[in-house]
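The values are calculated or read from the model by the stated rules, or taken from the named source; none is laboratory data. A quick note: this is a predicted structure, and the numbers were derived from the prediction, not measured. A quick note on method: Cβ atoms are made from the backbone with ideal geometry, for glycine too, and the neighbour counts reach across all protein chains shown.
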Amino acid sequence: MNHACVGRVSKREDVETMARQVLAGGVRAVARVITWLENREPVGTAVLKRLTSPERPAMVIGITGYPGTGKSTLLDQLIAAYRRLGKRVGVLAVDISSSLTGGAVLGDRIRMQRHADDAGVYIRSMATRGQSGGLARATRDALQVLEAAAYEVILIETVGVGQSDIEIVSVAGTVIALVAPGLGDDVQAMKAGLLEVADIVVVNKGDREGADTAVRDLREWCPHVLRTVAVKGEGIPELIAVIAEQQRLRDLAHTLS
Ligand SMILES: Nc1nc2c(ncn2[C@@H]2O[C@H](COP(=O)(O)OP(=O)(O)O)[C@@H](O)[C@H]2O)c(=O)[nH]1
Ligand SMILES: [Mg+2]
């Protein structure tokens, strides 16, 4: 018996079964395929080729900003809000610089733990694989898998504000840049890069001194500046509304072009 051939046949069955399970929204298949894609295994790419896009495209929201600004806390609130609207939510937490941010991902896990038993929520950490370019590609692939699995809202959180963050969040229909008061220099630095790709700027920690000044300052740069207190859920309904409006206008522009 030719083992190589047997191997190939079972792989092909794997590919078809996996693709079917992903399209049926199977969480275990989703997780496995994303791992294959992260590791650049050809079987992952083969599954990806068999995936079809859903009739209604997912709403993809990128959230970026410096560590500690409250991205994960905000994300947790957004998950809860979209779940109340009956949406299936997928989350890709991309940690580009785990060595810089220490236990950021672990902290995120704990913060979002309350959604762990919810079958309508899938949370995935995308870890560093050498260069950030590979991570950007793996994230795009994972996004495609989640879309095929019919997650209606997909949230991508990136840590830091490097070029690779911009590359990653740029695949999102809506990009949210998060800032917190008291990070004056960071806000200046962000103006050069992140604010250019941001559709919405959120000044989180609105309960802190300096939030008003930050909002006023940023309004000169970006038309959509909102203030939130993520720990208390303040400003979340307003943010959801602005995201919906921004996506609506984008889709309209897309239809007209
Ligand atoms: N005072 C205040 N603290 C907040 C707010 N949002 C988040 N935090 C806290 O800021 C810290 C960092 O939040 P986290 O969501 O992990 O930030 P991330 O690194 O950007 O993901 C945590 O201790 C949060 O509890 C807020 O609106 N106000
Ligand atoms: Mg975080």
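Note on the range 31-88: residues that are in contact with a helix residue (DSSP H, G or I) (Cβ under 9 Å, 6 or more places away or on another chain), under 30 Å from Glu13 (Cα atoms) and not in a loop (DSSP other than H, G, I, E, B) total 16.
Assess whether Thr228 counts as being away from ligand 1 (no atom under 16 Å from the Cβ) and either out of contact with any helix residue (DSSP H, G or I) (no Cβ under 6 Å at 6 or more places or on another chain) or under 24 Å from Ala81 (Cα atoms) (or both).
Working: away from ligand 1 (no atom under 16 Å from the Cβ): no; either out of contact with any helix residue (DSSP H, G or I) (no Cβ under 6 Å at 6 or more places or on another chain) or under 24 Å from Ala81 (Cα atoms) (or both): yes.
When the stated conditions are applied, Thr228 does not pass them.
Looking at Lys191, Lys205, which is the one that is modelled with pLDDT of 95 or more, assigned by TED's automatic domain parsing to the domain that holds Pro223 and out of contact with any His (no Cβ under 7 Å at 6 or more places or on another chain)? Sole residue among the options that is modelled with pLDDT of 95 or more, assigned by TED's automatic domain parsing to the domain that holds Pro223 and out of contact with any His (no Cβ under 7 Å at 6 or more places or on another chain): Lys205.
Taken residue by residue, the range 60-83 has no member that is over 26 Å from Glu234 (Cβ atoms) and not polar (S, T, N, Q).
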